[in-house]
Amino acid sequence: MPQLTESLEEVRAERDFYGSLLELAAEEDPKRLVDEALRLVLGRSEAARAYLRLGNEEIGFATHAGFDDSELAEVRAALSTTIINETLSRGQTVETVSALSDERFREAASVRANRIEAALCVPVGTPPVGVIYLQGHAAGQRFPEQARLWAERFGRQLAPVARRLVVASTSSGSDPTAAARAKLRGTEQLIGRSPALAKLLDLAATVAGLEIPLLLTGPTGTGKTELARVIALSSKRRMGPFVALNCAAIPTDLLESELFGSFPGAHSTATKRVLGKVELARGGTLFLDEIGELPVGAQAKLLQLLQDGSYWPLGADKIQKAEVRLIAATNVPLQRLVEAGRFRADLFFRLEVMKLEVPPLTARRSDVPLLAERFLAEATAQHGLGQLELSFSARHALMVTEWPGNIRELGNAILRAAIRVHSAGERIVEPWHLFPDQPMKSEREWMPWHFVTRAFQKRFLQESLEANQGNVAETARRLGIARSHCYELVKDFGLKT
């Protein structure tokens, strides 16, 4: 009889739990729904604290319960990022009675710093779009089995809402770059709405109209040329030419002539007057990319141009006046080249009057899906690949991937993926189209397993639909899943019914 009473109590508790979830389903604001649902899970699980993260720390949505009025940054500092990353990488629930004594986690700095004991972390969706993290049992014990089951079921039910929240956070909402874009021209090629990009554009809008040299710094492939063009189009010299020269692309012995021009007889191949880039940019903007590759002789002439606006073409018998605004760019710290004796210190100080640092993609991850969508649209239009779409999993994979080549590398990856999808006769770009051979690491360790399981699910669902003549309702009944969930899978996999 006591066992029967206990079973009835469990049934009533489960009934009340799902009844409460059904009541929350009427909530129109998905963020509020998730916030209230997490509080419900906190109470049912007897956890001391609960945290829910969708997407990653830079992109998506996060909420917490049981942390009083702590700021989100303080909440994150109190959690075990190791346990959260383990859940994301495996795509499975991770549970420990005491993280402090668990050999998997006891060496983690977050575990030691916060003295974390019982913890339970379950994935949201497959592949994981986020996690539900419970920490510290109210009675100082391990979490009961029922708490794990409730959290896992909640995670599965939350997945559709979670995907909408993450997508919404990257494709809609306020645009912090809007104010700066209104002051600039030609910003269509500067894709993104991240705070890092907004900060850069704000500074660009401030300096665009100033007649001073500019130095653009940042890793390769971040879009320094595009930014220089925007500044030129937004300056007082917008009606003049924009002339670009990559100092690393011209042989050293020809670079000085290419930049300043030459007269006949200046060197063995000089048979006629050649206008240099300084002259071609008259009345406009001269953009020198990879200026750290400029030879020492040319550095001296460029310094003179910046000092008094004059320069000597090769073989000239008199000085020429320049009428140009200079923007330089480098992906190598010029200070390091100065210390190595490869770059003049006086020229460095002249160029660094105003420096704009162009951020890498790691500092603007929320812009990655927007950039990817633009690249995909351009690739399909240019090469006639048909209408292709990025799946949610692909968007998530792109966001958590490191891109050492930044925007340029991302664009190349999208083009290759588009070709693979088109050649396979499909229309949805999945993670395996983006990373077919590349070994997975860090946050992407979960992908190979989920690539396989997702491919199996897609094939199995397709075969089931074919067996039922495309009848989704009958297919859902035979598979033992909700019809709405079956429709969602059909859409997500890009299947035809």
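None of the figures in this text is laboratory data; all of them are computed from the coordinates on show. Please read all numbers here as calculations on a predicted model, not as lab measurements. Note that each Cβ is placed from the backbone with ideal geometry, even for glycine, and that neighbours are counted across all protein chains shown.
Details
- Efficiency of FRET from Cβ geometry, Ala179 and Asp253, R₀ 45 Å, rounded to 0.05: 0.45
- Straightening the chain between Lys496 and Arg336 buys 51.8 nm, computed as 0.36 nm per residue apart minus the Cα-Cα spacing.
- In plain terms, the residue of Tyr51, Tyr311, Tyr487 with the fewest other Cβ atoms within 10 Å comes first and the most crowded comes last, giving Tyr487, Tyr311, Tyr51.
- The amide H of Ala47, built 1.01 Å from its N in the peptide plane, has Ala138 as neighbours under 5 Å, considering only residues 5 or more places off or on other chains.
- For Glu188 and Arg408, a Förster radius of 22 Å and the Cβ-Cβ distance give a FRET efficiency of 0.80, rounded to the nearest 0.05.
- Karplus-derived HN-Hα couplings along region 419-432 (A = 6.51, B = -1.76, C = 1.60, θ = phi - 60°), whole Hz, x at Gly and Pro: 5, 5, 5, 5, 5, 8, x, 10, 10, 10, 7, 10, x, 5
- Integer Hz, Karplus 6.51/-1.76/1.60 couplings in order for region 213-221, x for Gly and Pro: x, 10, 10, 9, 10, x, x, 5, x
- Selection of trypsin sites (Lys or Arg not before Pro), region 301-340, meeting DSSP coil and at most 10 other Cβ within 10 Å: Lys318
- Packing, as the average of other Cβ atoms within 10 Å across residues, places the peptides 379-389, 145-155, 98-108, 284-294 in the order 284-294, 145-155, 98-108, 379-389, highest first.
- Computed over neighbours whose Cβ is under 13 Å from that of Leu201, the net charge equals 0, Lys and Arg +1, Asp and Glu -1.
- When only Cα pairs below 8 angstrom with a gap of at least 6 residues are kept, region 178-359 shows a relative contact order of 30 percent.
- Residues listed by number, region 213-228, amide nitrogen under 14 Å from Glu378 label point at 7 Å toward C-beta: 221-227
- Once the C-beta distance of Ala482 and Ala62 is scaled by a Förster radius of 41 Å, the resulting FRET efficiency is 0.90 to the nearest 0.05.
- Per-residue Cβ neighbour counts within 10 Å put Leu201, Leu54, Leu215 in the sequence Leu215, Leu201, Leu54, beginning with the fewest.
- Applying 0.36 nm per residue to the separation of Lys355 and Glu107 and subtracting their alpha-carbon distance, the gain on full extension is 85.1 nm.
- Amide H to amide H, with H built 1.01 Å from N, Glu323 comes under 5 Å of Gly283, counting only residues 5 or more places away or on other chains.
- Here the spin labels are modelled as points 7 Å beyond Cα on the Cα-Cβ line, and at Gln320 and Arg416 they lie 4.3 nm apart.
- Amide hydrogen neighbours beyond the local backbone of Leu216, cut-off 5 Å, H modeled: Ala328, Ala329, Thr330, Leu356
- In order along region 356-361, the phi-based Karplus estimate (6.51 cos²θ - 1.76 cosθ + 1.60, θ = phi - 60°) of 3J(HN,Hα) comes to 10, 8, 7, x, x, 5 Hz; Gly and Pro are listed as x.
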